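Written out below as structure tokens is the structure these notes cover.
The values are calculated or read from the model by the stated rules, or taken from the named source; none is laboratory data. These numbers were taken from a predicted model, which means no experiment stands behind them. As a convention, Cβ positions derive from the backbone with ideal geometry for all residues, glycine included, and neighbour counts pool all protein chains shown.
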Amino acid sequence: MSRGKFITFEGIDGAGKSTHISFVASLLHDLGHTVVTTREPGGTPLGEKLRELLLSENMHLETEALLMFASRREHLAQVIEPALARGDWVVCDRFTDATFAYQGGGRKLERAKLEALEAWVHPHLQPDLTLLFDVPLEVARERLARSRNLDRFEQEKADFFAATRDEYHRRAQQFPQRFRIIETIRPVAEVNALIDGLIREFARA
Ligand code: TYD
């Protein structure tokens, strides 16, 4: 049985990634794959408890980074690794790129510390495909301004999102073989068509 594929969804808050996750999951299902859809932080009972804390409690920046990776360690052990080993495809709403972007870019935690945690928690695993949803900063801000109950990250200021977005772009340049940037400023139907083509091509490869 061949190993499944690991697809991650990334982007700053307001970039519109959530709209497209179920679309990709059902497309992969139609293409004959068993799909596990999950998210970070979270994805396990313990991880969901950590998510609640991470999205609401103020904490030291390094505590925040460690809890992101603690949630991830549990998620890999309980969900991601077993699914890939079974041959399932895993569609994950955020993964380690988000920690580099938010805790590294946004909050300025040294990249070397994040690299050390990454090497500890998943030395041999990287996503096979990462869809980076992107819009100009002002558009993301406008979309967020329309939503209620903003979490601790969504309440951050514009320069935090600018730095987070810059770090996502830096990573996309660093790992061009797995990153695809999806510009969601276009109408949803157009974005769907683009993702449809991209996923079909990826699934054929
Ligand atoms: P998000 O994925 O945007 O979920 P929702 O669509 O329900 O708001 O929320 C998760 C938040 O957690 C998001 O603001 C980014 C943040 N985050 C980090 O800061 N670091 C990480 O490693 C991960 C996975 C998420």
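Summary of computed values
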read-out: Residue in region 153-167 that is basic (K, R), within 14 Å of the ligand (Cβ to nearest atom) and either in contact with a helix residue (DSSP H, G or I) (Cβ under 6 Å, 6 or more places away or on another chain) or not in a helix (DSSP H, G or I) (or both) present; value: yes
read-out: Residue identified as at pLDDT 95 or above, away from the ligand (no atom under 13 Å from the Cβ), in a loop (DSSP other than H, G, I, E, B) and of a type in the set (G, A, S) among G32, G42; value: G32
read-out: Residues (part of a helix (DSSP H, G or I) and of a type in the set (D, E, K, R)) located in region 183-204; value: E190, D196, R200, E201, R204
read-out: Residue that is within 12 Å of the chain's Cα centre (by Cα) and either away from the ligand (no atom under 15 Å from the Cβ) or closer than 20 Å to P176 by Cα (or both), where the choices are R111, R86, R72, R94; value: R94
read-out: Matching entry among D128, D93 (being touching a helix residue (DSSP H, G or I) at 6+ places or on another chain (Cβ under 7 Å) and within 30 Å of D30 (Cα to Cα)); value: D93
read-out: Matching option when the condition is farther than 30 Å from L84 by Cβ, without any contact (Cβ under 8 Å) to a residue 24 or more places away in the chain and not small (G, A, S), among R146, R152; value: R146
read-out: Evaluation of H124 against (1) part of a helix (DSSP H, G or I); (2) more than 10 Å from the ligand (Cβ to nearest atom) (one fails), failing number; value: (1)
read-out: Scope region 98-108; condition in contact with a strand residue (DSSP E or B) (Cβ under 9 Å, 6 or more places away or on another chain) and more than 8 Å from the ligand (Cβ to nearest atom); matching residues; value: none
read-out: Near pairs, Cβ below 9 angstrom, 6+ apart or cross-chain, from region 72-101 (in contact (Cβ under 8 Å) with a residue 60 or more places away in the chain and within 21 Å of R171 (Cβ to Cβ)) to any residue that is in a strand (DSSP E or B) and away from the ligand (no atom under 16 Å from the Cβ); value: I80/V36; V90/V35; V90/V36; V91/V35; V91/V36; C92/V36; D97/F179
read-out: Selection within region 23-60 - touching a Leu at 6+ places or on another chain (Cβ under 6 Å) and more than 28 Å from L194 (Cα to Cα); value: L50, L54
